[in-house]
1. Take the alpha carbon gyration tensor of the stretch 36-169, find the square roots of its eigenvalues, order them as a ≥ b ≥ c, and report rounded if a/c is under 1.5; if not, report prolate when a/b exceeds b/c, else oblate.
2. Can you list the residues, at least 5 places off or on another chain, whose amide H is less than 5 Å from the amide H of GLN76, using H built in the peptide plane?
3. Could you give me the ³J(HN,Hα) list for the stretch 141-149, computed from phi with Karplus coefficients 6.51, -1.76, 1.60 and θ = phi - 60°, whole Hz, x at Gly and Pro?
4. Around GLU86, under 14 Å between beta carbons, what's the net of Lys plus Arg minus Asp minus Glu among the other residues?
5. Once the stretch 80-155 is represented by equal point scatterers at the alpha-carbon sites, with solvent omitted, what log10 I(q)/I(0) does the Debye formula produce at q = 0.18 Å⁻¹?
Amino acid sequence: MKRFTKYIALAIMCAASAACGYKVSYNFSGGSIPPDAKTFSVAYFPNNAPMVAPTLSTTLTEALRDKFSRQTRLQQVDEAGDFAFEGEITNYSSTTASVSSGDYALQNRLTITVRVTFTNAIDQTLSFNNKSFSAYSDYDSTQLLIDVQDQLIEEIVDQLVNDIYMAAAGNW
């Protein structure tokens with residue numbers, strides 16, 4: 001039923017957009033890209049967090065590039081794309097997520113926060129500056145972070161990239 005409602009809402013929005021004379025390209029990944037937008041660029045996201053994972057910057061940057069390559073018709077350029085992203089990783093931390101009745105940690109939580117500036121060259125009103133996105137994943141306290149961080153980073157980066165994508169292209 002939710003899916004049906006979503007398609008009805010999409011059809012109504014398309015009809016309303018057409019009636020207003022504003023064309024927007026929709027795709028089934030939940031995003032909308034103005035038809036005049038042709039390119040995107042993603043600058044390297046440096047890791048400026050106090051605690052650093054060596055591959056995190058590259059993983060995040062490449063995942064964001066991959067998301068826009070796969071989910072949109074936009075062509076990637078090195079800089080100054082119609083959709084342009086830049087930012088930094090501001091937090092990478094592991095904290096206790098849950099504690100037993102005996103005050104022992106049961107779960108730990110890896111949290112990653114990024115600050116993103118998005119420039120929409122087609123419609124500047126949809127741009128955002130220094131917006132923070134944060135995501136986390138929990139892991140068993142009997143495991144060392146070093147042993148599970150690659151898997152956790154993959155999960156967290158996937159969520160961050162989806163959130164950034166929706167903030168930039170999901171404006172309907």
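Only the coordinates and a few stated rules stand behind these numbers; no lab work does. What you are looking at is a predicted structure, and each value in this text was computed from that prediction instead of being measured. Because the Cβ atoms are built from the backbone with ideal geometry, glycine has one as well, and the counts that use them run over all protein chains shown.
1. prolate
2. Amide H neighbours of GLN76: PHE40.
3. Values, residue by residue: 5, 7, 9, 7, 4, 4, 7, 10, 5 Hz.
4. Here the charged neighbours net out to 0.
5. -0.76
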